[in-house]
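Here's the structure, in structure tokens; my notes come after.
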4 protein chains.
Amino acid sequence: MNRREPLGVAVIGTGRMGADHVRRIDRAISGARVAAVVDIDEERAEAVAAGVDGCTAHTDAAEAMASDAVDAVLIASSGPAHEEALLAAFARDLPVLCEKPLTPDAASALRVMEAEAALGRRRVQVGFMRRYDAEYVRLKALLDTGQLGRPLMLHQRHRNVASPPFFTSSMLISDSVAHEVDVTRWLLGHEIGAVTVLRPAPSSSGAPDGLRDPQFVVLETDGGALSDVEIFVNCGFGYQVQAEAVCERGTARIGDGHELVTSMAGRWGGTITQDWTERFAQAYDDEVQAWADATRRGEVTGPSVWDGYAAAAVCEAGVRALEQGGRVEVELAERPPLYA
Amino acid sequence: MNRREPLGVAVIGTGRMGADHVRRIDRAISGARVAAVVDIDEERAEAVAAGVDGCTAHTDAAEAMASDAVDAVLIASSGPAHEEALLAAFARDLPVLCEKPLTPDAASALRVMEAEAALGRRRVQVGFMRRYDAEYVRLKALLDTGQLGRPLMLHQRHRNVASPPFFTSSMLISDSVAHEVDVTRWLLGHEIGAVTVLRPAPSSSGAPDGLRDPQFVVLETDGGALSDVEIFVNCGFGYQVQAEAVCERGTARIGDGHELVTSMAGRWGGTITQDWTERFAQAYDDEVQAWADATRRGEVTGPSVWDGYAAAAVCEAGVRALEQGGRVEVELAERPPLYA
Amino acid sequence: MNRREPLGVAVIGTGRMGADHVRRIDRAISGARVAAVVDIDEERAEAVAAGVDGCTAHTDAAEAMASDAVDAVLIASSGPAHEEALLAAFARDLPVLCEKPLTPDAASALRVMEAEAALGRRRVQVGFMRRYDAEYVRLKALLDTGQLGRPLMLHQRHRNVASPPFFTSSMLISDSVAHEVDVTRWLLGHEIGAVTVLRPAPSSSGAPDGLRDPQFVVLETDGGALSDVEIFVNCGFGYQVQAEAVCERGTARIGDGHELVTSMAGRWGGTITQDWTERFAQAYDDEVQAWADATRRGEVTGPSVWDGYAAAAVCEAGVRALEQGGRVEVELAERPPLYA
Amino acid sequence: MNRREPLGVAVIGTGRMGADHVRRIDRAISGARVAAVVDIDEERAEAVAAGVDGCTAHTDAAEAMASDAVDAVLIASSGPAHEEALLAAFARDLPVLCEKPLTPDAASALRVMEAEAALGRRRVQVGFMRRYDAEYVRLKALLDTGQLGRPLMLHQRHRNVASPPFFTSSMLISDSVAHEVDVTRWLLGHEIGAVTVLRPAPSSSGAPDGLRDPQFVVLETDGGALSDVEIFVNCGFGYQVQAEAVCERGTARIGDGHELVTSMAGRWGGTITQDWTERFAQAYDDEVQAWADATRRGEVTGPSVWDGYAAAAVCEAGVRALEQGGRVEVELAERPPLYA
């Protein structure tokens, strides 16, 4: 791989998640491009490939990985297909981003781990994407400073509006709580030693008959911390992911609509941004992305020269008002039809 | 310009803002690349160009715009230099993203407007980037639904930790309140007809002697709405940008650390995300960007196969705990040194 | 007046406000009783007096004040009647709590002031009750510490669901903003030197035709601070009273549903109660009041002995669970019919 | 007891809690007075009695209850003394408010219950005062409307700054979680069928050696709901009592500094007061109480006639500003020395 060129990625699986990753690589991130897509549904693979410059469609993952244009692999197929794709990538020594779960069970995950260990170096990043969420990142950074002392408990809430039709009681653990399992291990730096699952009387509103929903899971870590998780996949009202770390000298909470809120030394609250580069970083990215996208389409959108002129005229009046006191009227030139 | 190729951008000015835009185009957005940079400080231009593949350095904007590699221009030089650069871009019919202010005064802005009008089509997007901020976008979208009725007043706060040394009393209007001027025009869709500036006794904490800081500006729109702005550029404690639209049937507020908060029909509060694609959209982007960046550096970072395996083992124990009740211990394989 | 006896109060005016004060003195506060009520509507006065032990009804304020049972006067009649009642109280040297406004205009207020000054000592407390509101009291206390530096601006919002039918445009100032006038003077300790009233286009939703609603009032104090007030008496959605003090080193805000929230030194937030006596002070008062009220009615309400027993049984099981680990079942005795 | 007279209360126990109740009955609530106090520490009883008009001091509870002046009993002695005092009150058929715990264990509580049941009517209210806290009352009221559907889980947090020296690991359950036990039973209307206590590694910051602090308690109700409680009596940073009820169609949370916050139908938030009588009810009570207290002391405090006059003068200027536009200066009379 030539580092100067964009990374050529083969995306395995073009379902909801795979297609979203294709769009992401094509439109939202820099330095990578979708070189190939793979799906056992040939038509779907071709439809997705057609929307991306220089992208080929395949029904076989190994075939796609054999292409010179492919530098790396993103696995977004269904869980049972992961092991084979991972081993194929290992055979070609390709780096992989593999959606969670790594594989559907511990035994197959162990086989993958042994195969990677045999390569002697890491090739795989697993898609536990909460580790990249700004709120979780801030929570982790705060815990790592040690300001709050050692974490003793982690209270977590994980609520979905409704579960898909195929969802079973055990998938609340293996599909949903899987995120909190990783979050617990990552935030605390402990392995989990024991699990208890409590089952309140199921909700009769929304949840399909027979589904044990909600559940309440208690994870005990080998560092002596507790992590409790409410998982409620048919709560009906929204998608809520909340976490509170209770430490020896304070607590820190994310997911309430606010950013990170701490309770410490007699005060609750959050931090105030110190700079516009921080507050509006994303707005600048979005502005320039919107401009580049429009320009490539041959369009001009966004604030116009009229807007720039009108602001200048108002500010001039404002400066006069500042200097002379009282109310100053703004005189605008006639608006050209171009800016109507 | 071939739409399939990345947009080649000439960035005029490589000071703080220009350098940030260079980094943004190079590293954060897709579909564009920095083809040229321009600065009257030749050394600075060359230092910036050296960090970007295939980027040339120039001291003359017109020269840079003459390059075949340049499809579009981003102007981030100081305000007085904008007019000349804009006219040069018009001469070559290049699309422009021009940082605010468009030009330093209304007379020069009017000249630019006439020049663009003479071209017969829009070429310029002005850099009022608050229109791209997620909170402002939500506020605008809510106002546009008409749910809250007609906006009657806009209360705005604009606070900086400290002003730069060269800041004058009139720059609080022309540099800072300029943003609220545009926000008022954009949110309400009205032109501004009159301005009043009130000057409380200046802060003696932080603000340089003689600077009229804070100021309180009242804008009257031709639609009969009021927009008041507190501008306080030496508040000392943080960067806060807040806006509340008071409408006939409710209010909507941004900038409090919360997202958009409304007061309407007896209730205050905000909306709850309905889906993980919305809640974690940015986390997915950041995850894949981090993976692509690390991969191009030849590294593997992020959650490992061990993390994937450990999560699988805990979830298996969890499913057993769900099914059989009680506490289930987790058995983990030995951790290979690769994942230490 | 014998200090050991409850204070005998004559309440002048038994309209909505007067009747509420009668109930308050009779039922909610200690150390005072309603000795007499006065209303030009004789029937109404008698109806109110009939509900209170040992209370007499009058149509003439001076007559009521002549009663030996009357130690103090609470004036809650309409504004124009205040002056006469105040002078009558002065004649008998009775202490007065006079609802705001003191009198309807500055000239009559001046006459009252001269009459009190002639007595040589204060007899009157004016009913600016926001000075007794817990949030305002906390805001005042914080400002008085000087932690935030000198106050520079006060931003206030005053919103009512709907104005009464007799409300005129000038009453938005004299009846509603009157509160913010006092709050500004009290919080800042300044007199107000100038007033400006801005009138956005009136709301067409809710506000009666011809009423200038909302209005935006700017008060300038002789200490150089600004105090701006949004008054909006037909906002439709709720009663909101908010105030933000912007000081040299931070801001403090009340009325957002939260208690006092400050922005200072890079952080926003509030304080955490340090003790249950503070957090639950009102709950204890309400508990004992409810018990005393029920007992006087010959009833027993509230948590029962069964509740006390069940809690004891659960706690015993809990202590066993703590000591021995695992899940402990609770055995309850049969519930006697008395506690059904 | 004559209902027209204040209720004569004997307060048993004059420690911190008892003394606070004496003050409460004497100064904060209406319709009751402290007729007698009882403490085995004679000096303390006499010191407390000396501060209250017409209050006698006793070392024997039964003796105090024999007084004609005593209509009711408030038991605030230590837990082990409750049973005897309750039985003495039963013997005289006196109504009782008994601080929690009713008695120290389930067996003695059962004896008290049998004794009351034998009387054939309720005489005792147990001091679970959270049932009188405004936030809990609102939460209970909301759950009782059924809007949120059936409660499935209750998440509770109970944090103290520091535990007293005599506190033991089991007192975290029997003294502290006792409140959440009652709250769970009261809010849900279920009995509790099983208890599990989980013990994270103790905090090493603040908590005395050997104290199991924090603990995490899971209560299972006979209605199939779960109630989990974090109890952390040496958290160091504040006193926090929080509860979230997770129901079939939404959640409701108290104790976050906000009032009741719900998540329901895609929105989080709270209600807005509709009226000043609701928003400022307590301020009015406090105002009139402060006035009555000052008046009985022969003082006049609070807003003065000068304040009333100044407000009138400003409002008059404001009405002129409204009518004629622009800025109107306020002319004040000279301030008499009385109001300096």
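The residues of region A:157-178 that are more than 19 Å from D:M153 (Cβ to Cβ) and in a helix (DSSP H, G or I), listed by number, are A:M171, A:S174, A:D175, A:A178. Can you name every residue in region D:71-96 that is among the small types (G, A, S), in a loop (DSSP other than H, G, I, E, B) and open to solvent by 20 Å² or more (accessible area, probe 1.4 Å)? Listed by number, the residues that qualify are D:S77, D:S78. Scan region A:93-130 for residues that are touching a residue at least 24 places away in the same chain (Cβ under 8 Å) and on the phi > 0 side of the Ramachandran plot and the total you get is 1. Here A:A141 meets the list (1) assigned by TED's automatic domain parsing to the domain that holds A:F232; (2) touching a residue at least 60 places away in the same chain (Cβ under 8 Å); (3) not charged (D, E, K, R) almost entirely, failing just condition (2). Here A:V319, A:V288, A:V330 are screened, and the one residue that is in contact (Cβ under 8 Å) with a residue 12 or more places away in the chain, touching a helix residue (DSSP H, G or I) at 6+ places or on another chain (Cβ under 6 Å), open to solvent by less than 50 Å² (accessible area, probe 1.4 Å) and outside the structural domain of A:L139 (by TED's automatic domain parsing) is A:V330.
The set of residues from region A:268-301 being modelled with pLDDT of 85 or more, among the β-branched types (V, I, T) and farther than 19 Å from A:R24 by Cβ comprises A:T271, A:I272, A:T295, A:V300, A:T301.
Residues that are hydroxyl-bearing (S, T, Y) and part of a strand (DSSP E or B) were ranked within region A:229-272; the one that is most open to solvent (accessible area, probe 1.4 Å) is A:T271.
For region A:52-70, a tally of residues being outside any helix (DSSP H, G or I) and farther than 19 Å from A:A32 by Cβ returns 3. Residues in region C:53-70 include none that are under 27 Å from C:A283 (Cα atoms) and either assigned by TED's automatic domain parsing to the domain that holds C:V96 or out of contact with any Phe, Trp or Tyr (no Cβ under 6 Å at 6 or more places or on another chain) (or both).
Here's the yes/no breakdown for (1) at pLDDT below 95; (2) surrounded by 19 or more Cβ atoms within 10 Å (Cβ to Cβ):
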{"residue": "B:E5", "(1), (2)": "yes, no"}
{"residue": "B:G13", "(1), (2)": "no, yes"}
{"residue": "B:G18", "(1), (2)": "no, yes"}
{"residue": "B:V22", "(1), (2)": "no, yes"}
{"residue": "B:V34", "(1), (2)": "no, yes"}
{"residue": "B:D41", "(1), (2)": "no, no"}
{"residue": "B:A45", "(1), (2)": "no, yes"}
{"residue": "B:A50", "(1), (2)": "no, no"}
{"residue": "B:G54", "(1), (2)": "yes, no"}
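Put simply, of C:T277, C:T251 the only residue that is out of contact with any Pro (no Cβ under 7 Å at 6 or more places or on another chain) and within 13 Å of chain A (Cβ to nearest Cβ) is C:T251.
D:R123 meets all of the listed conditions (1) among the charged types (D, E, K, R); (2) surrounded by fewer than 15 Cβ atoms within 10 Å (Cβ to Cβ); (3) in contact with a helix residue (DSSP H, G or I) (Cβ under 7 Å, 6 or more places away or on another chain) but one, namely (2). Restricting to region C:130-145, and then to whatever is open to solvent by less than 30 Å² (accessible area, probe 1.4 Å) and either outside any helix (DSSP H, G or I) or within 10 Å of chain D (Cβ to nearest Cβ) (or both), can you tell me which residue is farthest from B:C247 (Cα to Cα)? This residue is C:D133. Taking region D:284-307 as the region of interest, how many residues are acidic (D, E) and part of a loop (DSSP other than H, G, I, E, B)? Final tally of qualifying residues: 1.
Among the residues of region B:297-340, those identified as more than 19 Å from A:A117 (Cβ to Cβ) and among the β-branched types (V, I, T) are B:V314, B:V319, B:V328, B:V330. Selection over region A:161-200 of residues that are among the aliphatic types (A, V, I, L, M), within 14 Å of chain D (Cβ to nearest Cβ) and touching a strand residue (DSSP E or B) at 6+ places or on another chain (Cβ under 7 Å) gives a count of 7. Across region C:97-109, the qualifying residues are those that are open to solvent by 10 Å² or more (accessible area, probe 1.4 Å) and either touching a Phe, Trp or Tyr at 6+ places or on another chain (Cβ under 6 Å) or of a type in the set (D, E, K, R) (or both), and the one among them that is farthest from the other protein chains (Cβ to nearest Cβ) is C:E99. Of everything listed in (1) away from chain B (no Cβ under 11 Å); (2) closer than 24 Å to A:S174 by Cβ; (3) of a type outside the set (A, V, I, L, M), the single unmet condition for A:H82 is (1). B:T196 satisfies every condition listed in (1) over 26 Å from the mean Cα position of the chain (by Cα); (2) surrounded by fewer than 21 Cβ atoms within 10 Å (Cβ to Cβ) except (2).
The values are calculated or read from the model by the stated rules, or taken from the named source; none is laboratory data. In this text the structure is predicted, and so the values were computed from the model without any measurement. Don't worry about glycine lacking a Cβ; one is built from the backbone with ideal geometry, like all the others, and counts go over all protein chains shown. In case anyone asks, the SASA skips ligands and DNA or RNA and just uses the protein heavy atoms, side chains included. Shrake-Rupley method; radii C 1.70, N 1.55, O 1.52, S 1.80 Å.
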